[in-house]
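Student: Sharing a structure here in structure tokens format.
The values are calculated or read from the model by the stated rules, or taken from the named source; none is laboratory data. These numbers come from a predicted model, not from an experiment. Because the Cβ atoms are built from the backbone with ideal geometry, glycine has one as well, and the counts that use them run over all protein chains shown. Note: areas computed on protein heavy atoms with side chains; ligands, DNA, RNA excluded. Shrake-Rupley method; radii C 1.70, N 1.55, O 1.52, S 1.80 Å.
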Amino acid sequence: MLLDPAIRDWVLIPIMIVMVLVGILRHHITMLLTGEPKKPQVKAIRESKALLRGMRLRTYGNHIPTHAFSSRKAILAEAYENGRYLKNSEAGNTNNNNNTPTAPPNPMTDPDMMEGMMESMKKQLTNMVPQMLIMGWINFFFKGFVVIKLPFPLTPRFKTMLQSGVDTRDMDVTWVSSLSWYFLNLFGLGSVFALILGDNNAAGVDMAAMGSMPGVMPGAGQPGQQTDFKKLFTGEKENLLITSHKWDLDDVEERLLQKYGKKPIKKENTKTQQESSSLSSKKEMSVKDKIRASQQQKGNSAKRR
């Protein structure tokens, strides 16, 4: 099967050009809607860094001595239990004293959560509307077109992905329909947008925004839902308490001698040598005592005479 060159000029290339232009336009619209990113609060940074500190202590704790590890572990475990690093540390302390479970925060009363929900809705809007328009344009003008043939063989499992909109059973898998070409460009133009707009651009598909839409990805969280650091701190405290410690510099002299082919003197041999020397010294001292005792006896007998 041969393709008409007009399909390349009037279907293949225009779809790619339109998607690049729409991506650039979507990037600028997203920048206008969202504005400058808000600086995070100091308490929020402290929450995440405190949790990261416990994880680093568990991972790299063997690089410090035992007393330093145990003191850090005790301090962090106490801080995690008391909620010292939480944003609302006073509320955490009152809940701990009353032994009542903490209720999840209401997003309607928290301005930060409301702002996060609005930002996610804006990103969803800028992602969904251009995709719907381009898919409608392709289905209306280029439905059923075969636009390109891939230069490498594929298994029949790729047929539904590469030939969507074309109901043929005998066609080779390497042929790509117009609608499949749209999806390939949708997920494959990220490097082109990075060259044109930079790394941190909003032209490509935002998978986080798509995951926050209900019904798109199963098990995805709701937009604006915050992380419960109280539960994370409790779990990290338990992980710290069960973490064992062994200092990496224990017996480092022997390991260094073994590395360079030297035979280190074992501690057991040194102990046995010390014990044998102490025993021999005791034996020598006992002989001297015997000699002195005999001399004293001779002197006493001579005085009596």
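Student: Output the number of residues of region 63-79 satisfying the condition of being exposed (fewer than 15 other Cβ atoms within 10 Å of the Cβ) and in contact (Cβ under 8 Å) with a residue 60 or more places away in the chain.
Tutor: Number satisfying all stated conditions: 4.
Student: Quick one: in region 133-183, of everything that is among the charged types (D, E, K, R) and outside any loop (DSSP other than H, G, I, E, B), which residue is nearest to Val22 (Cα to Cα)?
Tutor: Lys149
Student: Hey, can you tell me all the residues within region 32-59 that are among the aliphatic types (A, V, I, L, M), open to solvent by less than 90 Å² (accessible area, probe 1.4 Å) and modelled with pLDDT under 90?
Tutor: Passing the criteria: Leu33, Ala44, Ile45.
Student: Within the set of pairs 6 or more residues apart or between chains, which connect a residue that is among the hydroxyl-bearing types (Ser, Thr, Tyr) inside region 140-164 to a residue that is outside any strand (DSSP E or B) and open to solvent by less than 80 Å² (accessible area, probe 1.4 Å) with Cβ atoms less than 6 Å apart?
Tutor: Within 6 Å, the pairs are Ser164/Leu179; Ser164/Ser180.
Student: Open to solvent by less than 50 Å² (accessible area, probe 1.4 Å), of a type outside the set (A, V, I, L, M, F, W, C), under 34 Å from the mean Cα position of the chain (by Cα) and modelled with pLDDT under 90: which single residue out of Ser180, Ser164, Ser212 fits that description?
Tutor: None of the other options fit; the residue is Ser212.
Student: Could you check how many residues of region 5-21 are open to solvent by 40 Å² or more (accessible area, probe 1.4 Å) and touching a residue at least 24 places away in the same chain (Cβ under 8 Å)?
Tutor: 3
Student: Say whether the condition of being more than 30 Å from Gly235 (Cα to Cα), modelled with pLDDT under 90, charged (D, E, K, R) and under 33 Å from the mean Cα position of the chain (by Cα) is met by at least one residue in region 92-115.
Tutor: No.
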